[in-house]
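J.: Have a look at this one.
The values are calculated or read from the model by the stated rules, or taken from the named source; none is laboratory data. Because the structure is predicted, anything quoted here is derived from the model rather than measured. In this analysis, Cβ positions are derived from the backbone assuming ideal geometry, glycine residues included, and neighbour counts consider all displayed protein chains. Note: areas computed on protein heavy atoms with side chains; ligands, DNA, RNA excluded. Shrake-Rupley method; radii C 1.70, N 1.55, O 1.52, S 1.80 Å.
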Amino acid sequence: MPRSLCIHGHFYQPPREDPWLDDILPEGSAAPATDWNTRILRESYAPLGWARRLDREGRIGDILNCYEWISFNAGPTLLRWMDRHAPDTLRRMVEGDRTSAARWGHGNAMAQVYHHVIMPLATQLDREVETAWAVADFTARFGRAPEGMWLPEAAVDTPTLETLAAAGIAFTVLAPRQARAVAALDGIEQANAAWQPVHEGSLDIGLPYRAELPSGRSIDIFFYDGPISRAVAFEQLLRDGEIFWRRLADAARALPAPPGEERGIGGTDGADPANRDRLLAVCTDGETYGHHFTFGEMALAHVLAQGYAGRDGVSLTNFSAFRHRNPPRMRVLLHEPSSWSCAHGVERWRSDCGCTDGGHPGWNQHWRGPLRQGLDAVKQGLDAHFAAAGAALFREPKAALLAYGQVLAL
């Protein structure tokens, strides 16, 4: 049975520009660079565009544009800065997307919500604005409409999925522990069509799932491999590119056959079960490669070279291309609201949920509740001001606000 590998990088930096000067002022903590965007560019974003592969004598044998071979999303606030200060690296990203589209029929790039907003905590208007502005920015920079969209912290609920689906987004990517139950899609023959509870250890991550929404729309969902993604991000798996590859190849080959297919039960799509593909997806912050782990981009380049050579029967792809070849045959229900980085849903962004960053004695996060309430109050005031002022300036204030993303993308 074929095995595919998709390595995804989530690239993001917040808008650090001074609101009056519209440029980033010197940041001493980023030394020897003048600011953190510039430092991370030098350590990660640029090296990924020109990743070195060394031979046994330590000589450079190849220069690889990793953006041609990995799935990636880049926050619009980062891309805006790169357009001004790192156009060559931005061009490598765009070239990587175009090359992958020519190779696989679908580009590597995914869109990302415009700011790093926890979407389940946003208002309906903000969800629509964040999505519309993201689509406008992506379309302007990559010359095509996005198929997938990355959600900050993988934070999700049904209203968020409804907003993405209404904007034409076909899929997103979540952590495996966000899945609650799965079942066969209507009209597709499966061994068992009833809802089956799942958890991170039992969810089959090898195929996409379809989330059916109350509006009648739907959106497809991929789930990444949790243990390997954590090992890349936090356990120094990038110290050795060959060990990294073996971990990926072993995990890809260990993916089980889809339900029923191990017994020769085919689907109504007429696909030969023996030829049905399986996907191993690994997702981390893109800055992991080179910034968090020095020379991590070189370990990644080694892995990508093995993948595009088809070593061990594992080949590279991206989410869109895999989805086109292997449309969902199963439905999924999610834990709501949920995220990858908070075991309590999305509480770390509004309450003292117990998620800490060091476990200091007596330390707590009671301040989160009042801070969230204060920010929400400010937001309500801004919305009220826009509604009043916008009515005097625009025929359709909301439509003007949604369309402003096209101005930001100029």
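J.: What 222 nm value per residue comes from the helices of the chain, counting each DSSP H run with n ≥ 4 as -39,500 (n - 2.57) and dividing by all residues, nearest 500 deg cm²/dmol?
T.: Result for the chain: -11000 deg cm²/dmol, rounded to the nearest 500.
J.: Under a 10 Å cutoff between Cα atoms, tell me which one of D157, D285, D250 has the largest fluctuation in the Gaussian network model of the chain.
T.: Residue with maximal mean-square fluctuation among D157, D285, D250: D250.
J.: Rg/Rh for region 89-177 to two decimals, with Rh computed the Kirkwood way over all alpha-carbon pairs. Please report the intermediate quantities before stating the final value.
T.: On the way: Rg = 13.3 Å, Rh = 13.5 Å.
Radius of gyration over Kirkwood radius for region 89-177 works out to 0.99.
J.: Under a point spin-label approximation (7 Å from Cα along Cα-to-Cβ), what is the E200-T158 distance to one decimal in nm?
T.: Simple spin-label model gives 2.6 nm for this pair.
J.: Calculated FRET efficiency, S351 and T34, Cβ-Cβ r, R0 45 Å, to nearest 0.05? Write out the running numbers ahead of the final one.
T.: Values: r = 37 Å, r/R0 = 0.83.
With R0 = 45 Å, the Cβ-Cβ based efficiency is 0.75.
J.: Counting only heavy atoms of the protein chains, get the accessible area per residue of region 292-373 (1.4 Å probe) and round it to a whole Å² value. Numbers along the way, then the final one.
T.: Numbers: 3970 Å² over 82 residues.
Counting only protein heavy atoms, the per-residue value for region 292-373 is 48 Å².
J.: By how many nm would the segment from D22 to A309 lengthen if fully extended, with 0.36 nm per residue of separation less the alpha-carbon distance? Don't skip to the end; give the middle numbers.
T.: Values: separation 287, 0.36 × 287 = 103.32 nm, distance 4.50 nm.
The span from D22 to A309 would gain 98.8 nm if fully extended.
J.: How would you rank 140-146, 64-70, highest first, on the average number of other Cβ atoms within 10 Å across their residues? All intermediate terms of the calculation are to be shown ahead of the outcome.
T.: Values: 140-146: 17.3, 64-70: 23.7.
Taking the mean over residues of other Cβ atoms within 10 Å, the ranking is 64-70, 140-146.
J.: Considering the Cα trace of region 45-201, what is its radius of gyration and what is Dmax, both in angstroms?
T.: Every Cα atom of region 45-201 included, Rg and Dmax give 18.8, 58 Å.
J.: First compute the accessible area of the chain with a 1.4 Å probe, then give the percent of it belonging to carbon and sulfur atoms. Working shown, then result.
T.: Working: 9910 of 18470 Å².
Accessible surface attributable to carbon and sulfur in the chain totals 54 percent.
J.: Moving to a separate point now. Principal axis lengths of region 129-263 from Cα atoms, whole Å, largest first?
T.: 42, 41, 24
J.: Let me ask you something else. Counting only Cα, what are the radius of gyration and maximum Cα-Cα distance Dmax of the chain, in Å?
T.: Cα only, the chain: 21.8, 70 Å (Rg, Dmax).
J.: Next up: At a threshold of 8 angstrom on Cα-Cα distance, excluding pairs fewer than six apart, so keeping six or more, what relative contact order does the chain reach in percent? It would help to have the intermediate numbers written out before the result.
T.: On the way: 727 pairs, mean separation 92.7, N = 410.
Here the relative contact order equals 23 percent.
J.: In nm, give the distance between the simple-model label positions of R372 and R59, each being 7 Å from the Cα along the Cα-to-Cβ direction.
T.: 5.9 nm
J.: Measure off 7 Å from each Cα along the Cα-to-Cβ vector at H116 and R52, then give the distance between these two points in nanometres to one decimal.
T.: About 3.0 nm, to one decimal.
J.: Quick one: if the Förster radius is 25 Å, what FRET efficiency do A399 and Q365 give, using the C-beta to C-beta distance and rounding to 0.05?
T.: Working: r = 39 Å, r/R0 = 1.57.
After rounding, the FRET efficiency stands at 0.05.
J.: If you count only protein heavy atoms with a 1.4 Å probe, what accessible area per residue comes out for region 48-182, rounded to a whole Å²? Intermediate values should be presented prior to the final figure.
T.: Values: 4580 Å² over 135 residues.
In whole numbers, region 48-182 has 34 Å² accessible per residue.
J.: On a full-extension model of 0.36 nm per residue, what is the gain between R246 and R42, subtracting their alpha-carbon distance, rounded to one decimal in nm?
T.: Details: separation 204, 0.36 × 204 = 73.44 nm, distance 2.85 nm.
Roughly 70.6 nm would be gained on extension.
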